[in-house]
1. Scan segment 192-208 for residues that are closer than 20 Å to residue 168 by Cα, of a type outside the set (Ser, Thr, Tyr) and assigned to a strand (DSSP E or B) and jot them down.
2. Please go through segment 269-289 and give me each residue that is of a type in the set (D, E, K, R) and either touching a Leu at 6+ places or on another chain (Cβ under 6 Å) or not assigned by TED's automatic domain parsing to the domain that holds residue 175 (or both), ordered by number.
3. Name the single residue that is surrounded by the fewest Cβ atoms within 10 Å (Cβ to Cβ) among those in segment 294-338 being within 17 Å of residue 261 (Cα to Cα) and of a type in the set (Val, Ile, Thr).
4. Can you find a residue in segment 220-230 that is within 28 Å of the chain's Cα centre (by Cα) and either modelled with pLDDT under 85 or basic (Lys, Arg) (or both)?
5. Looking at segment 87-112, which of the residues that are assigned to a strand (DSSP E or B) and charged (D, E, K, R) is surrounded by the most Cβ atoms within 10 Å (Cβ to Cβ)?
6. Would you point out which residue out of 303, 266 is farther than 21 Å from residue 226 by Cβ, among the polar types (S, T, N, Q) and either out of contact with any Lys or Arg (no Cβ under 7 Å at 6 or more places or on another chain) or not assigned by TED's automatic domain parsing to the domain that holds residue 193 (or both)?
7. For residue 238, only one of the following conditions fails: (1) over 23 Å from the mean Cα position of the chain (by Cα); (2) not in a loop (DSSP other than H, G, I, E, B). What is its number?
8. Within segment 243-254, track down each residue that is surrounded by 14 or more Cβ atoms within 10 Å (Cβ to Cβ) and not small (Gly, Ala, Ser).
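The values are calculated or read from the model by the stated rules, or taken from the named source; none is laboratory data. All of these numbers come straight from a predicted model, not from anything done at the bench. Cβ sites come from the backbone with ideal geometry, for glycine too, and all protein chains shown count toward neighbours.
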Amino acid sequence: MNEDDVAGELVRPLCRALGYTQGNPEANLRSQVSLQYDKAFLGHKKGEKDPVLRGKPDFVCEVVSYARWVVEAKKPSIQLSQNDSYQAHTYATHPEIAAEFYLLSNGREFKVYRAGNPDAPIFSWLKDETDEKLPTLRNLLGPDAMRKRAGVKIDIGKPLAEGLGSEARILNGHVVYERNTCSLPVDLKMDGIRNGITGSRVFRTDDGLISAVVEIVSAFAGLDELNKRFGFSPFLFKAADEYISVNRESPTLMQNLVAIDIPAGTQIPATLLGPAGVLPFDLVGECYTEATGFIEDKQFKGTFVIDYLYKMVGAKMLGLPFQEFRIRSEGPFEVTFE
């Protein structure tokens, strides 16, 4: 395999996978780009002092009117060297290209450099890792990433999902309590209630798990403080999936489990279960919430289920006919990311 084979069989398909195609007016893939000025531009007033440009870039991936990056292919038999980086750098910084990044590859390994620093790659991987690294590469070199970057810190962290970076801010959203049941003989009057989502963020923990901190405002005055006391605000969800799904047929499951322990004597505001007052017994509970959804148009949407089991410690001594109760709710939700 020679340089042309590396360029045609490995690099060109990679560029296409990142969203660049020949003749695309928005994300164009140009090959063997000829340059009118045949010297590497270093800023000399007299062009004869500029060093002669060796060769031409194998590919230029261009987001028209925004930015571009260059690809330089080498044959697999050579080890990528600093001189190879400098050669690709001359193409990237040439006045007729002015690229933001360049990619150097010998077909076995791939290295991405910022045009401003040819001495150290910002991202590198081996051929067999290409499919695994594609989501990160799209965040770095994809057309959408190139358009949005302007002055923004480069995100080479593992993406949360296709089209998202390694962290996302929650702008707003809502949950609708469509179906609600309680094991106590009370009418919850909750069907159709809509609670607002006001923040906060989605990120990866140190162990790589996707987590979401979600702030929710209750439709009932007084419940927000109680929810905070119970540990229901903000909610902390976690998912086992490697990426948040973008396929409604295969949604991502996010889960939250809160164990509560509220001592007797705690002041309780008026709720759907009764008037305000002082809690006459210890209240412990296991509160499980799950959200099953997928991403579409910068929104995570789907359905949720809550299943809360509460135990009233000492209720029997107070003459109450029950010592525990269960509340279950379900309905749709939508969360908008930035």
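1. Answer for segment 192-208, where residues must be closer than 20 Å to residue 168 by Cα, of a type outside the set (Ser, Thr, Tyr) and assigned to a strand (DSSP E or B): 196, 197, 199, 201, 202, 203, 204.
2. Residues of segment 269-289 of a type in the set (D, E, K, R): 282, 286.
The answer is 286, and nothing else.
3. Pass one, segment 294-338, residues within 17 Å of residue 261 (Cα to Cα): 307-315, 323-327.
Keeping just the survivors that are of a type in the set (Val, Ile, Thr) gives 313, 327.
Numbers: 313: 16, 327: 20.
Taking the candidates together, the pick is 313.
4. Applying the first criterion (within 28 Å of the chain's Cα centre (by Cα)) to segment 220-230 yields 227-228.
Pick out the ones that are also either modelled with pLDDT under 85 or basic (Lys, Arg) (or both) and you get 227-228.
Among the residues of segment 220-230, at least one is within 28 Å of the chain's Cα centre (by Cα) and either modelled with pLDDT under 85 or basic (Lys, Arg) (or both), which makes the answer yes.
5. For segment 87-112, the residue satisfying everything is 111.
6. Values: 266 fails: farther than 21 Å from residue 226 by Cβ.
That would be 303, the only listed residue that is farther than 21 Å from residue 226 by Cβ, among the polar types (S, T, N, Q) and either out of contact with any Lys or Arg (no Cβ under 7 Å at 6 or more places or on another chain) or not assigned by TED's automatic domain parsing to the domain that holds residue 193 (or both).
7. It fails just one condition, (1).
8. In the first step, residues of segment 243-254 are kept if they are surrounded by 14 or more Cβ atoms within 10 Å (Cβ to Cβ); the result is 243-246, 251-254.
The answer is 243, 244, 246, 251, 252, 253, 254.
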